[in-house]
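Where a number appears in this text, it was derived from the coordinates with a stated rule and is not lab data. Just so it is clear, the structure is predicted and the values come from calculations on it, not from any experiment. Counting neighbours? That spans all protein chains shown, and the Cβs are built from the backbone with ideal geometry, glycine included.
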């Protein structure tokens with residue numbers, strides 16, 4: 001049968017597509033004595049070596065090989081009729097070919113225990129296969145449900161973790177905003193304090209001439225009052241100056257200059273009074289000056305900040 005399937009294509013192992021795998025040493029010796037170019041019978045260990053040389057290894061290679069060696073002839077010799085009965089029972093449960101293949105694979109791994117027993121009738125084999133397939137699908141469904149529940153729990157855990165992380169990030173951001181606002185408020189208070197000190201300082205400097213003018217105005221007023229009061233007192237300089245001017249020749253230049261100097265404080269008094277009023281009593285002028293100073297101070301300190 002192997003030779004018929006080979007159809008003459010067995011000159012080398014790469015050309016040969018069909019082999020008979022058997023652990024029967026006698027059969028292997030018989031095939032060796034035939035002197036064909038490529039043997040038809042291979043031991044399982046030889047076939048495994050060939051596979052591992054040309055096919056990618058997996059984690060189950062050795063396990064599958066050992067399982068293959070341990071299979072007895074009774075376990076592997078399931079006739080086609082029984083296999084058809086098993087597939088019929090499985091087909092009543094599921095029409096999915098992939099699921100049917102997995103169920104059959106599980107049956108093989110379990111050595112068809114509980115499926116094919118001695119003296120089992122066809123109905124019993126179908127029923128056993130049906131029950132096994134149903135149990136297998138139920139187990140798969142339970143596993144899917146458990147996986148789904150675990151996934152949902154994991155998702156809920158991730159959601160809670162994400163919510164906690166978002167809340168923590170929001171709290172951190174709110175704290176940073178609060179600190180920034182607090183720092184900005186402190187800076188504004190500091191700037192306002194510096195502006196107030198700047199305005200008070202330069203407003204006082206701006207008022208100093210007014211204070212001096214006020215004092216000088218009082219002196220001038222007292223000087224002119226001295227011309228009419230306490231004329232006989234020796235320290236009355238106004239009378240003394242007036243007497244000195246009168247003693248000068250009336251048509252002389254000295255007399256004209258002396259009179260002009262004597263009258264000059266009277267004209268200056270008006271300017272001094274106006275200056276003192278505007279800088280000490282005129283609230284509109286004072287407010288305007290304060291606004292100018294505040295603008296200068298804000299420009300100065302905000303630029304530093």
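Sort 174-180, 124-130, 197-203 for me by packing, meaning the mean count of neighbouring Cβ atoms within 10 Å per residue, highest on top.
By packing density, highest mean first, the sequence is 124-130, 197-203, 174-180.
What FRET efficiency comes out for residue 197 versus residue 224 if R0 is 51 angstrom and r is the Cβ-Cβ distance? Round to the nearest 0.05.
It comes out at approximately 0.80.
Calculate, for residue 179 and residue 282, the FRET efficiency according to 1/(1 + (r/R0)^6) with r their C-beta to C-beta distance and R0 35 Å; round to the nearest 0.05.
About 0.15, to the nearest 0.05.
Measuring from label point to label point, each 7 Å out along Cα→Cβ, what is the residue 154 to residue 215 span in nm?
9.1 nm
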